[in-house]
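The values are calculated or read from the model by the stated rules, or taken from the named source; none is laboratory data. What you see is a predicted model, and the numbers here were worked out from it, not measured in a lab. Positions of Cβ are backbone-derived with ideal geometry, glycine not excepted, and every protein chain shown enters the neighbour counts. For accessibility, only protein heavy atoms count, side chains too; no ligands or nucleic acids. Shrake-Rupley method; radii C 1.70, N 1.55, O 1.52, S 1.80 Å.
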Amino acid sequence: PPPLSSAAAAAETPDSPVTMGGMKSRELTAEQKAEMAQLSQQRAALKLQEMKKKDIIEADRATEEKISGAISGRTAVSVQGAKDLTIFVTAVSQMEEVAGKSMSKLTSLFAQETSSTSEALAPFLASCKELEMLHSDLHKVLSTVEVKRAQETQTTTEEACKKMNSACTRMSMDLGSARKKLQTAFDSQEKAWEACDEVSSSRMNGSDKRKTLTPDTDPWLASLQYQTANKGLENVETDHSAALQSLVTDLRNMDRLRLQGVKSILTSYATARKALLEKALQNADELCTAVEALDADADCMHWLSSQSLGELATAATADMEQGVSMDFSQVG
């Protein structure tokens, strides 16, 4: 709006005074009245423009907060997911290490057994040895290759998410600052209009203490400040709206790579684990077969025979069949 020229200077015009409410006032000229009407229209138009602008700002703010919230929430999920992957691989690696050591202990058992007992347990113990190797090999892969992959995924994810959250926070702060400046400029504009009204009223009624406009309450200067703040907000919105959408795209791409890594590592482990469990099931079958094949009498007969005690073994068998206890003092 133009400065208050003739309208604001109405009190300085030496027109004939008119009595209003017991106080002297000066009648405005037609030109001054026209300017005052124009200023009122401009003020009303500015208010309407600002109300519309506020609606747009609130809508933009809601969209930005939604995007920022989505980015913040998804980055938290991504970081935790990357941590969980590292914990998982470490845990199953330790589990396979313990299982391999346990199988190693089993393979060294029953080595002293002979005859039918040794023959019955041999396939089972051989299967335990194979299981030991499978557990050991899987532990090596997990503890060297897969743990490293998981840790690299975690580091990359944490760094990327930190960078995205920082950029998102910076954009939100920039937008918030620009909006605050615009609101401050509008409030100053309102105060300037109010000051202008007070000055005009004072000059119209001929008060002895007439108010004057200052640079801080000049509506024309306030309007320039508002336009500057409005342009500043538009520039920030233009710069950051595209950047904010770009962050969403970057987050999607980063998280896709993270999840592909999760799938790859879990697939590798699941495949090896499945093969190992199939071997463990075979091992259980071998144990069941060994149990069925165990024959205490046959083993003992074979042992006695191997020690040239065959006759004693035959007598012992007969006595056992008849329920008679054997007197070993006669062995000689």
All-pairs Cα distance distribution in the stretch 67-127, expressed in whole percent, bin size 5 Å: 4, 15, 13, 10, 9, 8, 8, 7, 6, 6, 5, 4, 3, 2, 1, 0
Nitroxide proxy distance, nm - points 7 Å out along Cα→Cβ at Ala284 and Val98: 1.9 nm
Per-peptide average of other Cβ atoms within 10 Å, ordering 100-106, 183-189 highest first: 183-189, 100-106
Within the accessible area of the stretch 81-140 (1.4 Å probe), percent carbon and sulfur: 63 percent
Förster radius 22 Å - calculated FRET efficiency between Ser177 and Asp250 (Cβ-Cβ, nearest 0.05): 0.40
Contour minus Cα-Cα distance for Lys274 and Ala243 (0.36 nm per residue): 6.6 nm
Those lysines that a straight Cα-Cα span of less than 26 Å connects to Lys162, excepting residues fewer than 8 apart in one chain: Lys66, Lys83, Lys148, Lys263
Calculated FRET efficiency for the pair Leu109/Ser306, C-beta based, R₀ 22 Å, to 0.05: 0.50
Partners for Lys231 among lysines (Cα-Cα distance below 22 Å; same-chain residues under 8 apart left out): Lys47, Lys52, Lys53, Lys54, Lys180, Lys181, Lys191
Residue-normalised accessible area of the stretch 79-190, expressed per residue, 1.4 Å probe, Å²: 54 Å²
